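The values are calculated or read from the model by the stated rules, or taken from the named source; none is laboratory data. Worth saying up front: this structure is predicted, and the values here are computed from it rather than measured. No Cβ is skipped: glycine too gets one built from the backbone with ideal geometry, and neighbour counts run over all protein chains shown.
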């Protein structure tokens, strides 16, 4: 039994609260659909970027092997790396249902690297290949972060929607039904009492 005093105004307030909860449930349900659609889009982008990253990584490994074969491990270790002092991450932010998403690319000015003592095409190819790996890793990392944030918000929204649908709304429906039953009983008692008085 509910501890709310059974009055018509209490029933009307609870019905209004129930309507607001149902609206909240509908909103959360739609939010979950939008988040799921965005997760699918981001997964598709992730797969494309992952394939690009893996291809550039395979190229870098092959060029590293060729560079080591030409210069030896120690010779390649001292080979001047690509100049990244002017590199910066260019971010484009957006939001979806309160979730912050971003697209990031690496912008590196094409500065000439330091001159090598023993230059070779293999070492130059290795340097360019590893710069390409870094270039492919940046947007992939941004999309992975987007997926993490979307997934967390999706799970949170699903939990809230289930709490409304499975716990709060049935509880409120029971309270409203209980109050309406008690009001009907009071009205019947009043009617019987009035008949006995007349």
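Data overview
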quantity	calculated
Qualifying residue in the stretch 121-139 (condition: out of contact with any strand residue (DSSP E or B) (no Cβ under 9 Å at 6 or more places or on another chain), more than 30 Å from residue 25 (Cα to Cα) and surrounded by fewer than 12 Cβ atoms within 10 Å (Cβ to Cβ))	yes
Selection count, the stretch 103-113, where residues are surrounded by 10 or more Cβ atoms within 10 Å (Cβ to Cβ) and either out of contact with any helix residue (DSSP H, G or I) (no Cβ under 7 Å at 6 or more places or on another chain) or farther than 26 Å from residue 41 by Cβ (or both)	5
Subset of the stretch 120-154 that is without any contact (Cβ under 8 Å) to a residue 40 or more places away in the chain and closer than 19 Å to residue 70 by Cβ - its residue that is nearest to the chain's Cα centre (by Cα)	124
Every residue from the stretch 157-169 that is surrounded by 14 or more Cβ atoms within 10 Å (Cβ to Cβ) and farther than 11 Å from residue 36 by Cβ	160, 161, 164, 165, 168, 169
Qualifying residue in the stretch 63-74 (condition: surrounded by fewer than 17 Cβ atoms within 10 Å (Cβ to Cβ) and within 30 Å of residue 28 (Cα to Cα))	no
Residue that is part of a helix (DSSP H, G or I), at pLDDT 90 or above and more than 34 Å from the chain's Cα centre (by Cα), where the choices are 36, 55, 69	69
Qualifying residues in the stretch 78-97 (those that are in contact with a helix residue (DSSP H, G or I) (Cβ under 7 Å, 6 or more places away or on another chain) and within 30 Å of residue 143 (Cα to Cα)) - the one modelled with the lowest pLDDT	82
Among (1) closer than 30 Å to residue 77 by Cβ; (2) in contact with a strand residue (DSSP E or B) (Cβ under 6 Å, 6 or more places away or on another chain) - the single one residue 92 does not satisfy	(1)
Residue in the stretch 161-171 that is touching a helix residue (DSSP H, G or I) at 6+ places or on another chain (Cβ under 6 Å), assigned to a helix (DSSP H, G or I) and within 30 Å of residue 91 (Cβ to Cβ) present	no
Qualifying positions in the stretch 1-32 - in a loop (DSSP other than H, G, I, E, B) and in contact (Cβ under 8 Å) with a residue 12 or more places away in the chain	1, 2, 4, 6, 7
Residue 75 vs. criteria at pLDDT 90 or above, part of a helix (DSSP H, G or I) and more than 19 Å from residue 139 (Cβ to Cβ)	no
Selected residue (criterion: farthest from the chain's Cα centre (by Cα)) from residues of the stretch 78-102 that are surrounded by 15 or more Cβ atoms within 10 Å (Cβ to Cβ) and assigned to a strand (DSSP E or B)	102
